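This report refers to the structure that appears directly beneath it.
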Amino acid sequence: MSVGTIYSYPQNPRVFKALVVAKYNGLEVTVDDKFTMGTTNKTPEWLAKFGASQVPAFEGADGTIIIESGAIAYYLAHLKSDSTLVGRSNSEEAHIQQWVQFVDCQVVPFLSSWLYPIWGFVPYNKVVETQSIERVKASLQTLEHHLIKKTYLVGERVTLADISAAASLYTGFKALFDADFRKTIPAVTRWFTTIVNQSNFKAIAGEFTLCETAAKFAPPKKDTKEKKPKEEKPKEEKKPKAKEPEEEPEETFEDAPKPKSKLDLLPAAKMPLDEWKRQYSNNDTPVAMKWLWENIDLSADYSIWKVDYKYNDELTKLYMSNNLAGGLMNRLERARKYAFGCLVVAGEDNANIITGYFIVRGNADEMIEEITDAADYDSYTWVKVNVDDAEKEKINQVFAWEGSIDGKPISDGKAFK
């Protein structure tokens with residue numbers, strides 16, 4: 001009997017997490033074969049049920065609804081009471097979650113910003129690509145150091161940590177990590193090939209072939225239509241004409257450089273957003289916040305928006321809520337030049353909320369397209385706030401990840417910068 005149904009497009013590596021876990025635990029999970037990406041997950045019925053258009057999404061036989069791939073895998077791992085995937089002690093389970101979250105938060109976002117421009121999902125930016133590659137390499141070195149003397153991430157057998165991390169790195173090893181790249185991470189490569197060649201993993205994902213040639217960004221080709229040769233006409237004797245004054249060629253709209261975003265047309269901000277991000281990253285938060293309130297212009301250059309998760313009453317574990325907040329941050333790459341924000345998780349297990357604030361370029365009353373375009377946008381309410389002293393105090397607490405929100409102590413947070 002099926003324990004539930006997963007909805008996603010075919011061969012989605014993020015779905016592998018849940019299906020491989022189910023295989024290990026002897027659970028039957030239905031994969032909806034009528035799902036159409038961009039159509040099924042945009043219907044009012046879908047949004048009413050799942051609350052967001054992202055996939056994979058899971059509907060349990062008992063009515064349980066889950067929309068994050070890691071949460072789905074976690075749920076299925078715990079459906080079997082004696083499962084070996086979740087650890088034999090609280091310490092082991094904590095270490096399993098440590099590696100699941102490390103890969104999902106420290107590798108996957110930068111792997112995506114490296115790969116998405118190559119696939120044409122977002123505009124290519126050489127600086128972003130270089131930074132993303134360096135961040136991926138640095139995080140993989142952390143894994144390399146851990147795995148030098150270990151077969152598995154935690155303990156002496158396959159756990160949820162191995163399944164989740166291998167699924168998250170699947171596309172990297174398939175499309176980006178060529179032989180030269182893999183020479184820098186031999187232990188990680190050995191571990192990865194061990195996991196994807198386990199019979200339960202292969203039963204879901206099939207045979208795996210390591211990348212031979214790394215995918216690279218290729219700029220679109222210019223239109224080079226063959227021009228017909230001009231017919232030569234007999235030359236005629238021309239009478240000399242009076243020399244006319246030369247005219248400067250008129251610059252047309254087509255000749256002018258086109259901005260990537262309408263926000264680029266705004267007058268230069270008195271406070272550069274990058275400078276604020278440096279202040280926030282390099283100083284204690286009270287010092288950075290003092291600098292912010294002294295320099296930000298909220299009358300024209302920026303607006304501040306309060307962000308609240310719409311389904312706080314459905315949140316359970318604190319770490320799962322923090323992963324959910326991180327999911328939004330990971331999908332805001334288009335807005336990186338135009339926004340800064342923090343989301344915090346406040347409360348305790350089974351009684352927590354996700355809330356926060358975003359500084360956004362411009363002072364319009366509508367949220368910028370670079371944020372509304374994110375897959376998770378509709379799962380949150382976004383309200384432009386009038387920043388008085390009381391609101392400043394709340395923003396200070398959220399940006400510092402300290403204090404309490406609505407009487408709930410702040411537990412953790414995510415920053416978008």
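The values are calculated or read from the model by the stated rules, or taken from the named source; none is laboratory data. Note that the coordinates shown come from a computational prediction; the quantities given were computed from them, not determined experimentally. All Cβ positions, even for glycine, are placed from backbone atoms using ideal geometry, and neighbour counts span all protein chains on display.
Descriptive notes on the structure:
- Of all residues in the stretch 116-127, those that are touching a residue at least 60 places away in the same chain (Cβ under 8 Å), over 14 Å from ARG331 (Cβ atoms) and among the aliphatic types (A, V, I, L, M) total 1.
- Screening GLY51, GLY87 for residues that are surrounded by fewer than 20 Cβ atoms within 10 Å (Cβ to Cβ) and in contact with a Ser or Thr (Cβ under 7 Å, 6 or more places away or on another chain) leaves exactly one candidate, GLY51.
- Residues satisfying the stated conditions in the stretch 51-86, i.e. among the hydrophobic types (A, V, I, L, M, F, W, C) and either in a helix (DSSP H, G or I) or within 15 Å of SER321 (Cβ to Cβ) (or both): ALA52, ILE66, ILE67, ALA71, ILE72, ALA73, LEU76, ALA77
- Listed by position, the helices (runs of 4 or more DSSP H) enclosed by the stretch 298-417 that each have at least 2 residues that are surrounded by 22 or more Cβ atoms within 10 Å (Cβ to Cβ) are 318-330, 389-400.
Condition check ((1) more than 18 Å from the chain's Cα centre (by Cα); (2) modelled with pLDDT of 95 or more; (3) closer than 30 Å to LEU27 by Cα) across all residues:
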| site | (1), (2), (3) |
| --- | --- |
| ILE67 | no, no, yes |
| SER83 | yes, no, yes |
| GLY87 | yes, no, yes |
| GLN106 | no, no, no |
| PHE110 | no, no, no |
| SER113 | no, no, no |
| TRP119 | no, no, no |
| ARG135 | no, no, no |
| SER139 | no, no, no |
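This table checks each residue for (1) farther than 14 Å from SER168 by Cα; (2) in the same structural domain as ASN330 (by TED's automatic domain parsing); (3) not in a loop (DSSP other than H, G, I, E, B).
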{"residue": "ILE96", "(1), (2), (3)": "yes, no, yes"}
{"residue": "CYS105", "(1), (2), (3)": "no, no, yes"}
{"residue": "PHE121", "(1), (2), (3)": "yes, no, no"}
{"residue": "VAL128", "(1), (2), (3)": "yes, no, yes"}
{"residue": "SER132", "(1), (2), (3)": "yes, no, yes"}
{"residue": "VAL136", "(1), (2), (3)": "no, no, yes"}
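- Scanning the stretch 388-408 for residues that are small (Gly, Ala, Ser) and within 25 Å of the chain's Cα centre (by Cα) yields one hit, ALA400.
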